[in-house]
Amino acid sequence: MDEHREELPTQRVAGVEYLSCEYCGEPVSQLGTRTPRTYCKRSHRQRAYEVRRREAEIKQAVEQVKREAEAARPQPQPPRAFPVLPTVDPEMLLRAKAELHPDPPAVRPPVVPVESAPAPPVRYRMGSAGFPVPVDSSEG
């Protein structure tokens, strides 16, 4: 505050130099004071305090709005791990695959030798006593 008092403009009235009031700018009488007066009236001192206080409140409110706006702003998305590739013609992919990995030549399935052929099934017919009787394969 002392630095501010030194910067106050001065006025010369009737050959006497006066400091200007911080609130209204009128000359302030310095007669009978040890410290320089900065306001011409007590009411101007109070009004200047109210102005400073109001400016501080406004500054604080503006900073609060800025913080809220910053918090509400969408955050930038990080870059994708995998880039989006352009669309590719499926036929071109099939041709490229055929060039890289041609189909192997046709291979015959392996022939597995059979050790012994199974016996033909036995056929039966009903005999005269009502019991089944094996049929000879030569009878037909």
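The values are calculated or read from the model by the stated rules, or taken from the named source; none is laboratory data. Small disclaimer: the values here were computed from a predicted structure and weren't measured. No Cβ is skipped: glycine too gets one built from the backbone with ideal geometry, and neighbour counts run over all protein chains shown. Accessible surface is based on the protein model in full, side chains and every heavy atom, while ligands, DNA and RNA are left aside. Shrake-Rupley method; radii C 1.70, N 1.55, O 1.52, S 1.80 Å.
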- Among strands (runs of 3 or more DSSP E) lying entirely in the stretch 8-126, which contain 2 or more residues that are under 30 Å from Asp136 (Cβ atoms)? 124-126
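Could you grab me the full set of residues in the stretch 83-136 that are touching a residue at least 12 places away in the same chain (Cβ under 8 Å) and open to solvent by 100 Å² or more (accessible area, probe 1.4 Å)? Walk me through it before giving the result.
Taking the stretch 83-136 as the starting set, the residues that turn out to be touching a residue at least 12 places away in the same chain (Cβ under 8 Å) are 120, 122-123, 134-135.
Matches in the stretch 83-136: Pro120, Arg123.
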- Just give me the residues in the stretch 12-29 being open to solvent by 60 Å² or more (accessible area, probe 1.4 Å) and modelled with pLDDT under 70, in sequence order. Arg12, Val13, Ala14, Val16
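For Gln60, state whether it is polar (S, T, N, Q) and either touching an Asp or Glu at 6+ places or on another chain (Cβ under 8 Å) or open to solvent by 100 Å² or more (accessible area, probe 1.4 Å) (or both).
Details: polar (S, T, N, Q): yes; either touching an Asp or Glu at 6+ places or on another chain (Cβ under 8 Å) or open to solvent by 100 Å² or more (accessible area, probe 1.4 Å) (or both): yes.
So Gln60 passes the test.
Would you mind finding the one in Lys41, Lys66 that is basic (Lys, Arg), modelled with pLDDT of 80 or more and under 49 Å from the mean Cα position of the chain (by Cα)?
On the way: Lys41 fails: under 49 Å from the mean Cα position of the chain (by Cα).
Result: Lys66 is the single residue among Lys41, Lys66 that is basic (Lys, Arg), modelled with pLDDT of 80 or more and under 49 Å from the mean Cα position of the chain (by Cα).
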